[in-house]
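**Student:** One structure follows; several queries about it will come next.
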Amino acid sequence: MRDAIIMTICEVERSGRYDAYVDGRYIVTSSQPFLDGAWALIKQGYDPTRRLVMRREDRAHYDMTGPLGVAAGLTVKSDRWGKPKFVGRTGEESKAAASRVRRKRIQAGKPIPAPKNASRDEMSPARLEAT
């Protein structure tokens, strides 16, 4: 298996939105960080055949995993009964957006603090091989 991309997420002030980080670097803030983070990584030139692994900052196990290119091509929409469904992404319809303060820090080149344990070294390669 190729080297997996480890995405670490942390909830933003109990808002249902999450900051996503890869290798300690801020990627996106979103209510669907796995999908929007994958979209952002593809736009940054990551190989779509690599595996994306998402985990929360305070947990050792991972929550979701899948091919980066597949995840980037999906979004979540509610059907007419309000049930969430994965659907194909039709363009830049992402709900991902950093807060005004985060955008200003990014534009100014100031670092966005990463979660304490956002290091990809914390995920055991043996555990990733099992997927």
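Coordinate-derived values only; no laboratory data. Everything quoted here is computed from the prediction, not taken from an experiment. Note that each Cβ is placed from the backbone with ideal geometry, even for glycine, and that neighbours are counted across all protein chains shown.
**Student:** By the gyration tensor of its Cα atoms, with a ≥ b ≥ c the square roots of the eigenvalues, what is the shape of the range 1-47: rounded for a/c under 1.5, prolate for a/b over b/c, or oblate?
**Tutor:** Values: a/c = 2.31, a/b = 1.83, b/c = 1.27.
Prolate, since a/c reaches 1.5 and a/b exceeds b/c.
**Student:** Next question, about the same structure. Would you mind getting me the FRET efficiency between ARG25 and VAL76? Use the beta-carbon distance for r and R0 = 30 Å, nearest 0.05.
**Tutor:** On the way: r = 24 Å, r/R0 = 0.81.
For R0 = 30 Å, the calculated efficiency reads 0.75.
**Student:** If you place +1 on the Cβ of every Lys and Arg, -1 on the Cβ of every Asp and Glu, and leave all else neutral, what size is the dipole of the range 1-88 about its Cα centre, to the nearest 20 Debye?
**Tutor:** Numbers: 14 positive and 11 negative charges, 71 e Å.
Around 340 debye, computed over the range 1-88.
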